[in-house]
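These notes are about the structure you will find just below.
Since every read-out is calculated from the coordinates, none of them should be taken as a lab result. Predicted model only: the values in this text are computed from it and were never measured. Glycine gets a Cβ as well: all are built from the backbone with ideal geometry, and neighbour counts include every protein chain shown.
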Amino acid sequence: MILIVDDKQANLFSLKTLLQLNVYDVDTASSGEEALKKILKNEYELIILDVQMPGMDGYEVAEIITGYSKSKDIPIIFLSAVNIDKRFITKGYTSGGVDYVTKPFDPDLLLLKIKTFSKLYRQAKELSDIKDNLEQKVEKRTEELKQANKNLEVSNAELQQYAFIASHDLQEPLRKIITFTRIIEERFLEKTPEAMEYMSKIITSSERMRTLINDLLNYSSISVNPKFIFTDLTKIVNQALVDLEVSISEKNARIEVDDLPVVEVVPEQITQVFQNIISNALKFSKKDVTPFIKISGELVQKKSAKSKPSATGEYCRITITDNGIGFDEMYLDKIFNMFQRLHGKSEYKGTGIGLSITKKIIENHNGLITAKSKEEEGSTFIIILPVNQTAEHQTS
Amino acid sequence: MTKSLSFLLVDDDTDDTSLFKEVLEEVNPSISFNWAEDGQQALRFLKDQDSVLPDIIFLDLNMPRMGGKECLAEIKNDEKLHKIPVIMYTTSSQSRDIEETMQKGAICFITKPTNMKELKNILSSIAGNVHSNLEKTLRLLSNNTTTFIVC
C-alpha cells in the first residue's frame, strides 16, 4: 500500500486515481501529523510526500519517519516545486531510497519511480524475512544437535557399562567350565586318550573365549576417565620387559632400549601398548634367528611419522624395530582392525585384538600409530604421542 | 606338640568352596577348614569368643551382604584380628581391586586358579610356611606359577 501525503485535496485525488488505475492500493493523508499517525498504524511500501505543506513540511515529516524503526526503511518520493530544496540531499537520508519529482510531474516517470522503489522495498523486506527465518532454523538445528549429542553421550556410557558388565559376568561361568573340565580330564580320563583329546579341545576353546572376553573388557574400558600422569617412558618399557621375562628368555631375545622422554600418559595403558608390540615382535620372530628388538624415542615437531626431530618438539616419536618375519605393507590398515589376523589360528597364537586395543589406547592419548615392514625383513612400529595432554585438548 | 593349623575361607561360591576344601584335605588332612559365606558371617565367627582364630584367612571379593573389601577393613581395624594374614582369593584380576586390597592390608592377591594341581601347589606351599617366611613363599609362588598372584 502506498501513502500519499499532500495538503491539497485535488492533488491527493489525482495522484490517487493515477495509482489506482495502475492497480496500487492507495491511502491518503492531508497533513504531516495525519501521515505520522497512519504510519504507526499501517504498513506502507512507499510514501509520496508533498514538500510544501502548512504545519510540518515534507522534510520534517521525512525526518521523523526515518526516526521510527518501524518505518525507517520505507522509500519516500518527495513532490516538490521547481526550485528543489537541497536540504533533503544534505540531510543524507540513507535507508529505503529517497527520490523527488517536480510539479507538475510526468505521470509515466512518477509511475516508473514508484514501481522501482516499491519493488526495492519489497525485496529488502523479503531478504530480511529470509534472514530471520534462517537464523531461527539455525538455532533450532543447533538445539537439536545439542540434544542428539547428549543422547549419544548417554547411550555411549550405557554401552560401555553394558560391555563391562557383560564381559565380567560372562567370565564367571566360563571359569567354571574350564575348572571342572580340567578336573574331569585329570581324574577320570587318564585311561581314555580319545576322551582326553576331546576334553583338551573343550579346554582350549574355553581358554580362548576367556582371553577374548578379557580383551573385550579391556577394550571397552579404555576411554573411561583416563588419568594422565607425566611418566618416564624408559621405566614403562622396562616394566613391560619384566612382565615379558619368560617369553624373552625362552626365545633368547636381545632387547636394546634407548633413553626415552617423559610424556603425559596413562601409565597402565601405555605399558599395555609396549607389552603388546614387544610380545608381537617376540611371537612373530624368525624360527632360527635370535630375535633382536630395538626401542628408541625422540622429540619431534609434528604429529607425523616423518616429522623432523626437534629438541623443543611437542610430540614424542617412539620406534620399535624387530628382525622378525615382517608383513606385507598392503595389510597395514588391516592389522589394526579388531579380530583381523594375517595368519591361521594354529600358526601363531593370539586373539587378534591386541593391536586394535593398542591403537585405541594411542588414539585415546591423541596420538597416532603406524608401521613399516617387508615380508621376511622385520617390522618397525612407530608411535607418536603428544608430550603434553592438556595442551593437546586445547588445540583439538 | 605342634598345634594343627586352621584355615578360614570366606566365599559365597559353593563350587569354589568345595574344591578348596578337597584340595586342602589332600595337602594336609589335619588342617582344620572353616568356611563363611560372606563378610558378615566371617566377622561373626571371628569375633565369637568361643571360636578358635584361624592362622590364615582366604577372602573373596564379591559377596552378598558384605564384600571382601569391607570385611578386610573390619579385620584390620580389630585389635584381636588384625595380625591374622589375609590373602585375597577371588575371580578378579583388576588392578583397582589389587591396589585397594593391598593398601588395606592384604598380604597377597590370588586369582582363583582353574587348575587344581596349581591350587594344590599353592596351598601346600602356604600350609608349610604360614608362620615363617609366608611373604617370601608367596613371592616365590608368584614367579613360579601361571596362576595370577600379586604380593
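Averaged over peptide B:104-113, the number of partner chain Cβ atoms lying within 10 Å of each residue's Cβ comes to 1.
For the pair the stretch B:45-93 and the stretch A:199-278, the centres of their Cα atoms are 32 angstrom apart. Bridging of residue A:308 to lysines at a Cα separation below 21 Å is possible for A:294, A:372, once same-chain residues fewer than 8 apart are set aside. Beyond 43 Å, the tail of the calculated P(r) for the protein assembly as shown holds 50 percent of the Cα pairs. In the elastic network of chain B, a GNM with C-alpha springs shorter than 10 Å, the most mobile of B:78, B:50, B:60 is B:50. Ranked by the mean number of other Cβ atoms within 10 Å of their residues, highest first, the peptides A:379-385, A:102-108 fall in the order A:379-385, A:102-108. Mean-square fluctuations from a GNM of chain B, with a 10 angstrom spring cutoff on Cα atoms, peak among B:80, B:69, B:120 at B:80. Compare A:265, A:51, A:300 in a GNM of chain A, Cα atoms joined below 10 Å, and give the one with the largest fluctuation. In this elastic network of chain A, the residue with the biggest mean-square fluctuation among A:265, A:51, A:300 is A:51.
For the segment A:178-188, counting C-beta atoms of other chains within 10 Å of every residue's C-beta and taking the mean gives 3. For the stretch B:1-110, GluC sites (Glu not before Pro) are listed when DSSP marks them as loop and at most 13 other Cβ atoms sit within 10 Å of their Cβ; the list is B:79. Taken residue by residue and averaged, Cβ atoms of other chains lying within 10 Å of the Cβ of A:169-177 number 2. Computed over the protein assembly as shown, the per-residue total of -39500 (n - 2.57) for DSSP H runs of n ≥ 4 gives a 222 nm mean residue ellipticity of -16500 deg cm²/dmol, rounded to 500.
Taking only the C-alpha atoms of the stretch B:6-150, the Rg (one decimal) and the largest Cα-Cα distance, Dmax (whole number), read 13.9, 40 Å. The distance from the alpha carbon centre of the stretch B:2-41 to that of the stretch A:113-154 is 75 Å, rounded to a whole number.
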